[in-house]
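What follows is calculated from the coordinates using simple rules that are stated; it is not laboratory data. No experiment lies behind these values; they were computed from the predicted model shown. Neighbour counts run over all protein chains shown; Cβ positions are idealised from the backbone, glycine included.
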Amino acid sequence: MTTRAPTSPPRGPVVLELDWNALEVAVERNAHDTDSFLDLTTGKVLTIVAGDPEAVHNRTLVSENIRGFLRVEPASSREQYRWMEKFVGSVSDEPLRERLIISIDGKGAFRRFKDVLLAYPAERERWFSYRAELLHWHINNWLAQHTIEPSNPPPWGLVAEPAELPVVPGKPVVHGAEAPGEALRRQARDLIDGIPAIELPSAIAFLEFLRARNQDAIARDREERVERAVAHDHDDDSDDTVRAAG
């Protein structure tokens with residue numbers, strides 16, 4: 001069950017020493033099984049992941065002090081998808097651009113997009129820089145909307161509205177009236193129609209292997225998100241222990 005915390009601005013400016021890194025992670029993370037809340041007293045971010053042993057306790061903590069927490073609004077999946085589209089439109093390497101266009105079509109687009117960029121370190125770094133600028137601008141606007149004034153500067157420095165990426169003329173590539181993924185699926189169906197029936201079991205087995213591999217990748221991604229959230233909470237606990245000992 002999703003814990004509801006205020007999403008409207010608090011009354012008057014709220015001055016907080018923010019945990020910028022945790023806030024950045026919360027804004028970046030957009031998952032149906034995860035909610036993050038900004039503690040309006042401490043400036044820390046409380047992240048609740050379904051299935052985590054502390055989830056029930058943390059949801060109770062928020063619900064019992066509903067005015068003390070503000071739900072962090074992550075950049076939506078639709079918004080982050082548009083970021084990918086704009087980036088792809090700026091890629092001048094035509095073969096890479098085509099691969100990226102295909103990768104962002106359909107379910108699992110974000111992971112496939114990242115997987116393609118692994119082999120292109122320069123473009124991968126350009127993507128991460130561009131995405132970081134957009135995330136930081138999102139955070140800046142969200143804080144202003146909720147009249148939250150940080151007492152400590154963000155580690156990434158002054159935030160300005162990101163410049164639009166240059167669009168490569170005539171791009172992105174459009175495969176007729178079809179989306180790239182649909183064109184490939186139609187091509188795959190045409191190929192299967194031309195395969196003798198005796199060969200179909202091998203073709204089906206290979207397709208099932210590809211589907212299972214994709215499902216495993218999605219499951220690993222979900223597990224990694226949970227582990228990162230738990231690790232972050234543990235790091236916070238360790239920092240509190242060190243400060244208390246000091």
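Observations on the model:
- Tensor-based shape of region 77-177 (alpha-carbon gyration tensor, a/c under 1.5 rounded, otherwise prolate or oblate): prolate
- Charge-dipole axis of region 77-177 as Lys and Arg at +1 and Asp and Glu at -1 on Cβ define it, positive-most pick from Y81, H146, G108: G108
- Karplus 3J(HN,Hα) series, Hz, for region 113-128 with 6.51 cos²θ - 1.76 cosθ + 1.60 (x for Gly, Pro): 4, 5, 5, 4, 5, 4, 8, 10, x, 5, 5, 5, 5, 4, 4, 5
- Computed from the C-beta positions of A132 and R189, the FRET efficiency with R₀ = 41 Å rounds to 0.55.
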